[in-house]
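Just so you know, all these numbers are worked out from the coordinates, no wet-lab data involved. Remember, predicted model here, so these are calculated numbers, not experimental data. Please note: Cβ atoms are built from the backbone with ideal geometry, for glycine as well, and neighbour counts cover all protein chains shown.
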């Protein structure tokens, strides 16, 4: 129904379009019809693109998606009416026919020996291509912070890409593909694996961070399961272990990469109230599990769901994990 | 107010608002203002859309269309009226949905509460308190899933594990592969990751013990006696019955380490008595039966005492 609605809006808006009078070919403020506190309504001139209009009217070309999503088009024809929302009318993405959900994909290793936990570089490239071709917009993990506070809208079909453990193959195989598509991703590393034979080095991580595409966030110190005390571990020792597992990677990442730390990935996806309390004390804003599923704006930020991408699954199975909207009739 | 009654109110509101919106557009009523041609032609489709959305009960969508019309025609009072009427209706309906939702929440009827709070948010998407109320329901849902998983993990101690998680299974498989390929460091790391979730699995404990034993043997050959002994101890920790780690292997390592420290003590005795004492003590730590080290320790301590007396 949501698609039908969007289509009807697009049809109506296209019907509104009148050919651009000669002499109005140059893009610029003269194409503005009207402005209110809520909207700018203008007639697209030749050369007007969503990015150009976003730069001109919203002050940031990266906000092109705001215009594209509202008008339900990716490009304009001269004379077409364009409505630019000036505020954030629906930051949580909740509509009468359902609500937006953001899938977070979780990869581990990449390599030629395909197995459950190893995705081949070709398959990864095909999956990223699928996202690009099907109008998914890969957003940063940190973009979810304000989305979950109901303060910031995300593009329709927003998706987050993450990789766990910090395997060197993320640098060797995934990073070139991310660069090719211009997709951001978050790599969760655990401190003791940094510099191991198949582990990322700080130098490799620095290079990826410098690209502006890759964010490095903590996945514990030793990859121990934080969900429960180990046999023979008393409560004091357990609390101390949680503290070290949370604090050490935060310190390491801050020191070696000089980037803000905001999201923790639980080893094995397991957590409990003690762990969450300690994360809050250390100013972590988000934490991710491996409970499969997508996240609405009202998701609990310290137990975000993530869907694991397995190497032995085909593209159809991959596509099924990309639930970006939950249909519900809310009228 | 029940959900059924609320639906009745919505239907009535649709009738009223649709009647208002369907009034014919009076060109003469348009204020004398400079409106571009494209703005004029845009009016009818947006108005149709607004009316259609209202008829379908899609009030938030209708409101956007009225606001676009008010943007295009800022001096046309009718659109401002439509905006205000739709906003009033939305506020009223959202409050009603919220009331039904909160009441359901109090009764523990999470399904109804969730639906009603979502309906309220669909009407007023910026209401932060609604988002928080929904988040409490969501927290309860994900927490129940997590608790069930932890409960299952706790019950798997010291017995064969079934229904292992995908991630853990893959760590175990990777560890087994690395063990077969002779990468014992990698095998230990991956199997330990599996054991972090299933600490009692006897099969994994045996495998990691074997990997530690193999590592110890390699390190013994390379002369890395300390590392070898530490790994022997780990191998025993995971499997006390490990056949490759019999008491002789550990005794031999301890004896070799004791000899190494004894030799260091002898070398230090000529120039640094304090260090020599430390080395002989270390040698005895590894092998309390090391007679030569015991004799040399006594000798070094005597010399040390004598030197101290001379110094006084």
Pick from A:139, A:83, A:261: which is most flexible by mean-square fluctuation in a GNM of chain A where alpha carbon atoms under 10 Å apart are linked?
A:83
From other protein chains only, count the Cβ atoms within 10 Å of every residue's Cβ in A:41-50, then give the mean.
2
Inter-part distance where the range A:237-260 and the range A:279-331 are each reduced to a Cα centre, Å
24 Å
Using the Cα gyration tensor of the protein assembly as shown, with a ≥ b ≥ c the square roots of its eigenvalues, what is the shape: rounded (a/c below 1.5), prolate (a/b larger than b/c) or oblate (neither)?
prolate
Give the order of A:219, A:134, A:173 when sorted by the count of other beta carbons within 10 angstrom, beginning with the fewest.
A:134, A:173, A:219
Value of relative contact order over the range A:148-299, rounded to a whole percent, pairs C-alpha under 8 Å and six or more apart
22 percent
If we count other beta carbons within 10 Å of each Cβ, what is the order of B:247, A:142, fewest first?
B:247, A:142
Expected max-MSF residue from A:57, A:262, A:223 in the GNM of chain A (alpha carbon, under 10 Å) is A:57
Residue by residue through A:91-100, how many Cβ atoms from other chains fall within 10 Å of the Cβ on average?
6
Principal axis lengths of the range A:98-327 from Cα atoms, whole Å, largest first?
51, 43, 33
Using only the Cα atoms of the range B:159-243, what semi-axes does the equivalent ellipsoid have when each is the square root of 5 times a gyration tensor eigenvalue? Give whole Å, largest first.
23, 14, 9
For chain A, calculate the relative contact order in percent as a whole number, restricting contacts to Cα pairs under 8 Å that are 6 or more residues apart.
18 percent
In the Gaussian network model of chain A, springs joining C-alpha atoms below 10 Å, which of A:92, A:196, A:158 carries the largest mean-square fluctuation?
A:196
Before rounding to the nearest 500, sum -39500 (n - 2.57) across all DSSP H runs of length at least 4 in the protein assembly as shown and divide by the residue total; then give [θ] at 222 nm in deg cm²/dmol.
-17500 deg cm²/dmol
Protection-proxy order for peptides B:182-194, B:249-261, each taking the mean of Cβ atoms within 10 Å per residue, highest first:
B:182-194, B:249-261
10 Å Cβ neighbours from other chains, averaged over peptide A:220-230
4
